[in-house]
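Peer 1: First the structure, then my questions, so here it is.
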Amino acid sequence: MLASLGSLAVVLFFLTSVVVGRHHAAWEALGREWFARGDAALAAGRPEEAQMALRTALVYDRESPRYHFRLAQALLAGGRTAEARSYLRGLAERQPGAGPVQVELARLAARSGDTNAAAAHYRAAIQGLWEEDPEARRLQLRLELAQMLVEDGAALEAQSELVAAEARLPADPAIRTRVAELFRRAGDERRALEEFRTALRGNPGYAPALLGAGRAAFALREWRAAVTHLRRAVRLLPGERAAAELLEVAEAAVAADPFLERLTSAERARRTARAVKVSLARLTACLARSPAPELEALRSRAQSLEADITPSQLRRRPESLERAMDLVFAIETRTAEKCGAPEGEDRVLLLLGGSREAQG
């Protein structure tokens, strides 16, 4: 009798397991069906419909992280930010290493202006788990983080992220150019120029890299390099008026700079004499508009140096050329302060003075 009861219990347990298993399988199938509907609606730009379908999917499988995450995305698409944030935070507590969840939290924090929280979530996403192409995703996110930091004014932090990204950059000129542009915006023109040149080694005719390299070289006052890159960029991008204007200034700087290599002594003297003449005219005009003791002092200094900056002295004695150009740069700097930004040759001389000062 006991043996019969035992056998019956085993049979009943087996039948119950089969029924329960079939019930679970049916519910899981319904969950997948509603998830697919929600996923399709979200992809088609119907977030409200997606939300309804995904909530239904969760009725059949309340624990699915995938269903929770897609519902959070549908809520974000429908503008229900607070509810989406709640779902995402719950997921982050359950799966702190889930990269996609951390990205959504990062973007939410960035939109709300909480840069510190956004940066923390971005870094968690970069270190997190990704099912598809993790290296590409991490690079994309590091650049996204760097861009956010640039826009927030955190230039040094942005530079740090970009330097970290450099180690794993692909050869793609478009990606290299994007990194270079971010370096420029973060204030590191030198690294920007190096990245633009790397992009150009991969594709010498890539117009965005040529334009960026020209601008970076101009900012660094590397006039010949600026001319080389900007000429090619302007040929490829004839509508870039700003680039054409930079090219014009860079060409004028190359034509006026007496310190360029491989110039004859006569050419150095000619350029210096012209610079003195232009700057003294600017000084006279500025004094007439805005008399000031420091400008009068510059005129006196010019008069005292008159014998040392004759064409013959400039040709024979390099120190005379140095004194003359120091005077020119001082005049252009002070007159810019007193009488406003210069134009034409005076603008070029002011830029050359800045270049000389930067070089030490």
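The values are calculated or read from the model by the stated rules, or taken from the named source; none is laboratory data. The shown structure was predicted, so the numbers you read here are calculated from the model rather than taken from an experiment. Note that we place each Cβ from the backbone using ideal geometry, even for glycine, and neighbour counts take in every protein chain shown.
Peer 1: Where the second residue is in a helix (DSSP H, G or I) and among the polar types (S, T, N, Q) and the first is buried (at least 17 other Cβ atoms within 10 Å of the Cβ) and lies in the range 46-74, which pairs have Cβ atoms under 6 Å and are six or more apart or on separate chains?
Peer 2: Short answer, once both residue conditions are applied: A74/Q51.
Peer 1: Enumerate the helices (runs of 4 or more DSSP H) found wholly within the range 47-97, keeping only those where 2 or more residues are under 32 Å from the mean Cα position of the chain (by Cα) and at pLDDT 80 or above. Please lay out each step first, then the result.
Peer 2: Details: elements: 47-60, 65-77, 81-94.
Correct list: 65-77, 81-94.
Peer 1: For the range 268-308, name all the residues that are more than 22 Å from R347 (Cα to Cα) and of a type outside the set (G, A, S).
Peer 2: Residues satisfying the conditions are P293, Q303, L305, E306, D308.
Peer 1: Select from the range 173-220 the residues that are under 19 Å from L351 (Cβ atoms), of a type in the set (A, V, I, L, M) and surrounded by fewer than 21 Cβ atoms within 10 Å (Cβ to Cβ) and list them in ascending order.
Peer 2: A219, L220
Peer 1: Name the residue that is modelled with the highest pLDDT, counting only residues in the range 259-280 that are among the polar types (S, T, N, Q) and within 19 Å of F329 (Cα to Cα). Walk me through how you get there before you give the answer.
Peer 2: Kept after step one, since they are among the polar types (S, T, N, Q), are these residues of the range 259-280: 264-265, 272, 279.
Now narrow it down to the ones that are within 19 Å of F329 (Cα to Cα): 272, 279.
On the way: T272: 90, S279: 93.
Among those residues, the one meeting the criterion is S279.
Peer 1: Tell me, which residue of the range 75-108 that is charged (D, E, K, R) and closer than 17 Å to G38 by Cβ is surrounded by the most Cβ atoms within 10 Å (Cβ to Cβ)?
Peer 2: First, pick out the residues of the range 75-108 that are charged (D, E, K, R): 80, 83, 85, 89, 93-94, 104, 107.
Add one more test, that the residue is closer than 17 Å to G38 by Cβ, and what stays is 80, 83, 104.
Values: R80: 17, E83: 14, E104: 22.
Step by step, filter the range 75-108, then rank; the result is E104.
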